[in-house]
Amino acid sequence: MTGRLIRGALVAASALWAPVAEASRPVTWDHPAAAPDARQAERDPRAGAPRGAPRAEGVAVGEEGRLTLSLPLREIFPGTTSAVPPPLLWSAALDASGTLYLGAGNIAEVLSIDKKGAATPLFGVDDLGVRALAAAPGGDVFVATFPNGDIYRIPRGKEPEPWVEMEERYLWAMTVDPTGRLYVGTGERGQILRVPTRGQKEIVFDTDQAHITSLAFDRQGRLLAGTDPDGLLYRLAEDGRVEILLDSELREISAVTVASDGAVYAAAVSEEVLQPARRPGEKSDLMIEVTPAPDGSILEDPDEIPRKIVIDLAELLPASSAGRDGTMGRVYRIEQGKSPVLVWKSDVERVYALAPLEGGGVLAGTGSSAAGRIYRIEPDGGWTMLHQVREPQVTSLVAAPGGRTYATTGNPGRVYLLEGGGGSSGTYSSEVYDAGRTARWGAISWDADVPPGSRLELSTRSGHRPVPDSTWSAWSPPYASDRGSAIASPAARYLQWKATLSRVSEEASPAVHRVRVTLLPQNLAPAVKGLAVLRGGEAADPPARPSEPGQGAGEAGAAPAPIDPPKGARWIVWEASDPDGDPISQSILIRKDGEREFRPLVEGTAASPFALDQARMEEGRYTVKVEVSDRGVNPAPAALTDTALSESFLVDRTPPRAQTRRPQEPAGPGPAILELDATDALSAILRAEYSLDPDKEGAPWLPLPCKDGICDTAAESFLLELSPGVAHGKVRVRIVDASGNETVVDAAAPPR
């Protein structure tokens, strides 16, 4: 299939903003850079908060974001009258005299609208709605209601009358051939019926589809019929031959029409979620093999069940994880002897109606959770969003003489008239841009064509809430230079621009191609955390290394082993980061207890872990401060700094002193006792251990507990009981303080 794949959305003139990478550098908000779907434009993808959506009034939005003056659109019903509009207008038909007929719901009624917009009730029955209308050449209007499936005729100037009894509950579509014969598309049995005269009906085509959803005649008088649920478009010739013009990937052919050049246009829609195409070789099937139990039994008769059961896992996935969420719409152009060409697509809008345009191409009426829209689709596949209406659905389009088109809506039901020729003025308000934080606005510039006899004005406004409200600034005066004008709106987190297009000459019309806004988001401070000074000899984690190209998360292998500090040093460790991604300088400062100021240790180039050489430091208690700053890329006063203080730590290179007392003679047959006192000038005694055979290589060191059971002060005593009957010679004792300094003393074993 050839042709351009496009998407229909009001935000075609608006770019999805790129996340701010470095707040210290200017950012450019460029329109348009993409044509995101409508739902995306109404939500902040980072926070999920609703944002101000773009709005066009009298301005058409092209597929590449081009802004031009649109065809004039005005509401004719209920218009300025006090009439209460019905909830829905399902269908519309125009007779030869120019009278417009409307089929309404949720109460089935028919209204006629004259050329001035005055409404007259013509028909009403106890049913849910009028799903289809058809105007015959002689002036009769046919009415199909649902879910009772009745057809009525409204003769010109006379009372409505039942026309034919139908057995189907749903009558989705009707059309009339040049001779006045009525054709009806039914639901539940998928039949096309012909009603030649009152009370008569005959089956023209009995399909294998559940519903015939749309009907029209082509230039050669052949009947076109769209279906559900396979999304097929049939063409029926007078001689009974049937061919399939289109086999859509979507469920329903919701509308079909014939353009002035004879090309057939068909709209396909689906409420379901499209499964993503499976890649070659992709495995998503689960196979279960049924085998008998060891005793030969099986839950069911082995002859009645397959030995292998295959389950497609893709069918078991929830829709939200298996495909795209939302309603989908497609429009195809079908020319004689050629394959269908996809000329318009959207994954968030449903196409309800099509109508031909003078000079070729069609209009498409759509609906979504956001708004109903009217698009112009050109024969070459280009498109323009002409209007967005207040209601969520444009339910029908009816071509009228003079290049005009009537559009009906749902929720509530209104009627609009789209005039031929260009409008004289219009405005387009962009989506609300989110800088992520308060920003200073720079300049606004634009690319546009403004021929003599036309005018273009751009303004901005700003605020601190995602949807413009009374707290926002007023619109600025129009900016003077398209090459760059300083933005007058105050600093804020959110910004919106508005383009006003106008003309005084029919031959001139302005066009906006691109709008650019520069800004400088407020700088965010770097952060330092986790600062600690490790004990002497304690290992630290090595600095993190960036992943190698092609290496994903969890593929880095085993974590690197901790690294020991250099001899006589201890590690200083911390974590530093910058939320804007700015490069940061890191400094280490140190202060000894009793000093008033920190003094620099390393300025600007420090990195964790940092080895603190204690050999050159006076003994005593110290505190470390780490300072991180982004001043290298942010001039003052925008540069910001963060600091962290460590817990105080002790520099102590002097080992503890240890002294043994005079050995005690055992009082009896009990153990001999060795007593030892240990003291330290700065640190607490951490532990002691002894060896009974110190001169033997590999002799074990055994723990020696403090006399009071806890080693936690600078002076501790130890008692070593030596078992009787064991030969003892020299005893070696090792004392270690909290700073890692140690003392070893030898003592003769006390006599037994």
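The values are calculated or read from the model by the stated rules, or taken from the named source; none is laboratory data. Please read these numbers as outputs of a predicted model, since none were measured by experiment. Virtual Cβ from ideal backbone geometry, glycine too; neighbours counted across all protein chains shown. SASA here: full protein model, heavy atoms, side chains in, ligands and nucleic acids out. Shrake-Rupley method; radii C 1.70, N 1.55, O 1.52, S 1.80 Å.
Among (1) polar (S, T, N, Q); (2) open to solvent by 20 Å² or more (accessible area, probe 1.4 Å); (3) under 30 Å from residue 340 (Cβ atoms); (4) in a loop (DSSP other than H, G, I, E, B), where does residue 209 come up short? Here residue 209 clears every test but (2). One residue stands out in region 404-421 among those that are over 10 Å from residue 73 (Cα atoms) and of a type in the set (Gly, Ala, Ser): the one that is most open to solvent (accessible area, probe 1.4 Å), namely 421.
Within the span defined as region 647-666, every residue fails to be within 39 Å of the chain's Cα centre (by Cα) and under 21 Å from residue 540 (Cα atoms). The residue that is farthest from residue 177 (Cα to Cα), among those in region 235-247 that are part of a strand (DSSP E or B) and open to solvent by 20 Å² or more (accessible area, probe 1.4 Å), is 247.
Residues being touching a Ser or Thr at 6+ places or on another chain (Cβ under 9 Å) and assigned to a strand (DSSP E or B) are represented in region 605-614 by at least one member. The set of residues in region 593-619 being under 20 Å from residue 650 (Cβ atoms) and surrounded by 14 or more Cβ atoms within 10 Å (Cβ to Cβ) consists of 598, 601, 609, 610, 611, 612, 614, 619. Among the residues of region 523-530, not a single one is touching a Lys or Arg at 6+ places or on another chain (Cβ under 9 Å), surrounded by fewer than 17 Cβ atoms within 10 Å (Cβ to Cβ) and assigned to a loop (DSSP other than H, G, I, E, B). With a requirement of 2 or more residues that are closer than 28 Å to residue 113 by Cα, modelled with pLDDT of 90 or more and of a type outside the set (Ser, Thr, Tyr), the strands (runs of 3 or more DSSP E) lying completely within region 293-408 that satisfy it span 350-356, 362-367, 373-377, 383-388, 393-400. Of everything in region 60-85 that's among the aliphatic types (A, V, I, L, M) and surrounded by 18 or more Cβ atoms within 10 Å (Cβ to Cβ), which residue is nearest to residue 346 (Cα to Cα)? Ranking the qualifying residues of region 60-85, first place goes to 61. Checking 401, 379, 466, 412 one by one, the residue that is touching an Asp or Glu at 6+ places or on another chain (Cβ under 7 Å) and under 19 Å from residue 259 (Cα atoms) is 379 and no other.
Taking every residue in region 633-656 that is more than 20 Å from residue 598 (Cα to Cα) and pairing it with any residue that is open to solvent by 30 Å² or more (accessible area, probe 1.4 Å) and β-branched (Val, Ile, Thr), at least 6 positions away or on another chain, the pairs with Cβ-Cβ distances below 8 Å are 656/679. Residue count for region 116-139 satisfying the condition of being open to solvent by less than 20 Å² (accessible area, probe 1.4 Å), farther than 15 Å from residue 86 by Cα and in a strand (DSSP E or B): 3. Among the residues of region 675-722, those identified as part of a loop (DSSP other than H, G, I, E, B) and buried (at least 16 other Cβ atoms within 10 Å of the Cβ) are 680, 682, 683, 684, 692, 694, 704, 711.
Residues that are closer than 17 Å to residue 224 by Cβ and either among the aromatic types (Phe, Trp, Tyr) or buried (at least 24 other Cβ atoms within 10 Å of the Cβ) (or both) within region 353-380 comprise 353, 354, 362, 364, listed in sequence order. Under the condition of being open to solvent by less than 70 Å² (accessible area, probe 1.4 Å) and part of a strand (DSSP E or B), the residues counted in region 145-184 number 19.
Does any residue of region 510-519 turn out to be in a loop (DSSP other than H, G, I, E, B) and without any contact (Cβ under 8 Å) to a residue 60 or more places away in the chain? The answer is no, given that none of the residues of region 510-519 is in a loop (DSSP other than H, G, I, E, B) and without any contact (Cβ under 8 Å) to a residue 60 or more places away in the chain.
In region 86-113, the qualifying residues are those that are open to solvent by 40 Å² or more (accessible area, probe 1.4 Å) and assigned to a loop (DSSP other than H, G, I, E, B), and the one that is modelled with the highest pLDDT is 87. Can you tell which of 628, 624 is closer than 30 Å to residue 27 by Cβ, in contact (Cβ under 8 Å) with a residue 60 or more places away in the chain, buried (at least 19 other Cβ atoms within 10 Å of the Cβ) and of a type outside the set (Asp, Glu)? On inspection, the qualifying residue turns out to be 628. If the condition is being over 23 Å from residue 55 (Cα atoms) and either open to solvent by 40 Å² or more (accessible area, probe 1.4 Å) or aliphatic (A, V, I, L, M) (or both), then region 333-352 contributes 334, 335, 336, 337, 338, 339, 341, 342, 343.
The residue that is nearest to residue 422 (Cα to Cα), counting only those in region 381-396 that are surrounded by fewer than 19 Cβ atoms within 10 Å (Cβ to Cβ) and under 25 Å from the mean Cα position of the chain (by Cα), is 390. Considered as a group, the residues in region 38-85 that are among the polar types (S, T, N, Q) and modelled with pLDDT of 90 or more include one that is nearest to residue 417 (Cα to Cα), and that residue is 70. For the condition in contact (Cβ under 8 Å) with a residue 24 or more places away in the chain and either loosely packed, with under 15 Cβ neighbours inside 10 Å or not in a loop (DSSP other than H, G, I, E, B) (or both), what is the one hit in 470, 481, 489? The match here is 481.
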